[in-house]
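The values are calculated or read from the model by the stated rules, or taken from the named source; none is laboratory data. All values derive from a computational prediction rather than experimental measurement. No Cβ is skipped: glycine too gets one built from the backbone with ideal geometry, and neighbour counts run over all protein chains shown. What goes into the accessible areas is simple: the full protein's heavy atoms, side chains included, and nothing from ligands, DNA or RNA. Shrake-Rupley method; radii C 1.70, N 1.55, O 1.52, S 1.80 Å.
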2 protein chains.
Amino acid sequence: MSRQVSHPPTIHKDIGDLSIPAEIAESLCSCGGIEGLIRGIPPDEVFEEMQSWYQACADPVRLKILSLLVVRPLCVCVLKAVMKMADSKLSYHLNILKRAGMIEGKQQGQYIIYRITPKAQRFMEKELEQYESEKIRDGY
Amino acid sequence: MSRQVSHPPTIHKDIGDLSIPAEIAESLCSCGGIEGLIRGIPPDEVFEEMQSWYQACADPVRLKILSLLVVRPLCVCVLKAVMKMADSKLSYHLNILKRAGMIEGKQQGQYIIYRITPKAQRFMEKELEQYESEKIRDGY
DNA sequence: AAAACATTTCAATTATAATTGAAATATTTT
DNA sequence: AAAATATTTCAATTATAATTGAAATGTTTT
């Protein structure tokens with residue numbers, strides 16, 4: 001598409017059987033090479049655990065439910081009235097939040113009242129706050 | 001399964017055409033009913049925006065990449081060596097992080113060096129810190 | 001105990017995301 | 001300019017998640 005501009009050749013180093021740009025080589029050596037990088041990050045289980053949390057957050061319906069429950073516990077019937085969706089759909093999303101440890105439901109007579117867990121409460125407050133501050137910064 | 005225990009009947013109130021438990025009715029009235037709840041939460045676009053961020057985080061491969069880039073920029077070839085996966089797979093995940101605004105790549109000669117964006121940096125530091133503190137609390 | 005209500009579960013479908021290997025692009029080296 | 005290297009793109013497949021409507025469950029009211 002655009003005219004080709006030839007870059008100055010990148011100086012690179014060989015570490016083991018790996019050739020890398022000099023810029024990276026420096027910081028890589030100072031941390032123990034590839035092995036050092038691997039040692040420096042959490043074990044895979046941590047990422048698995050994190051992903052299941054974010055997975056649960058990765059849906060606008062569920063985020064909306066959480067933001068409602070941040071303020072006060074609510075029964076399914078009220079959530080349904082706010083969310084305007086089929087029972088089974090709502091129930092599906094509630095179940096995902098529950099399995100992720102973000103909400104808990106307790107039966108109260110014929111109703112079930114859901115409340116957000118302390119961990120999810122902390123998380124949502126932090127996150128919503130950030131989105132609020134972005135809103136202000138961007139002038140909405 | 002377990003023996004049925006009959007609950008005391010739940011006192012409930014009718015608000016509009018909605019019947020809800022007394023416990024909820026109180027807090028619901030004080031905030032302006034269903035309409036008040038709806039008014040109290042951010043507009044849908046906020047949840048859409050949040051979901052795309054968490055969606056990008058909702059994968060262990062991508063979280064691992066981010067946690068590597070939190071410490072220092074890296075070229076694809078080093079990431080490949082650490083992640084031990086096919087080029088095309090790695091590239092796919094890098095692209096998702098890029099589209100979500102979590103990383104940026106700049107070509108440096110024949111290499112491409114990826115760095116985490118300031119917003120993602122802040123996010124990951126906060127999140128990893130929390131997982132660290134959980135690790136300590138749980139005694140691992 | 002039958003009817004009504006709140007909620008969940010299930011099975012079928014539809015939609016979205018991830019993986020794979022091959023081909024394409026860009027850059028550098030020879 | 002041909003060969004080599006780094007990385008991306010593409011098309012096909014596979015896997016996972018979301019939606020839907022009907023049926024089931026548990027609770028309360030009549």
* Asked: If you go through segment A:96-127 one residue at a time, how many are touching a Pro at 6+ places or on another chain (Cβ under 7 Å) and either within 21 Å of B:Lys126 (Cβ to Cβ) or not assigned by TED's automatic domain parsing to the domain that holds A:Val76 (or both)?
  -> 0
* Answer residue from segment A:32-75, given it is more than 16 Å from B:Cys57 (Cβ to Cβ) and in a loop (DSSP other than H, G, I, E, B) and is nearest to the other protein chains (Cβ to nearest Cβ) among those -> A:Arg72
* **Tally, over segment B:15-50, of residues that are buried (at least 19 other Cβ atoms within 10 Å of the Cβ), within 13 Å of DNA strand D (Cβ to nearest atom) and under 30 Å from A:Pro42 (Cα atoms)** => 1
* Is it the case that some residue within segment A:53-64 is more than 14 Å from the chain's Cα centre (by Cα), buried (at least 16 other Cβ atoms within 10 Å of the Cβ) and either within 16 Å of DNA strand D (Cβ to nearest atom) or not charged (D, E, K, R) (or both)? -> yes
* Could you please find all residues in segment A:33-72 being away from DNA strand C (no atom under 16 Å from the Cβ), in the same structural domain as A:Met83 (by TED's automatic domain parsing) and in contact (Cβ under 8 Å) with a residue 12 or more places away in the chain? => A:Ser67, A:Val70
* Asked: Mind checking which residues of segment A:103-124 are surrounded by 12 or more Cβ atoms within 10 Å (Cβ to Cβ) and away from chain B (no Cβ under 12 Å)?
  -> A:Ile103, A:Glu104, A:Gly105, A:Ile116, A:Thr117, A:Ala120, A:Gln121
* Structure fact -> Expected output for segment B:83-111 (first residue at pLDDT 95 or above, partner among the basic types (Lys, Arg), Cβ below 6 Å, 6+ apart or cross-chain) is B:Leu90/B:Lys80; B:His93/B:Arg62; B:Leu97/B:Arg62; B:Glu104/B:Arg115
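Considering only residues that are open to solvent by less than 10 Å² (accessible area, probe 1.4 Å) and either under 16 Å from B:Gln110 (Cβ atoms) or more than 10 Å from every other protein chain (Cβ to nearest Cβ) (or both), look in segment B:76-97 and name the one that is farthest from DNA strand C (Cβ to nearest atom).
Within segment B:76-97, the first condition is being open to solvent by less than 10 Å² (accessible area, probe 1.4 Å), and the residues that meet it are B:78-79, B:82, B:90, B:94, B:97.
If we keep only those that are either under 16 Å from B:Gln110 (Cβ atoms) or more than 10 Å from every other protein chain (Cβ to nearest Cβ) (or both) as well, we get B:78-79, B:90, B:94, B:97.
Working: B:Val78: 17, B:Leu79: 14, B:Leu90: 9, B:Leu94: 11, B:Leu97: 11 Å.
This residue is B:Val78.
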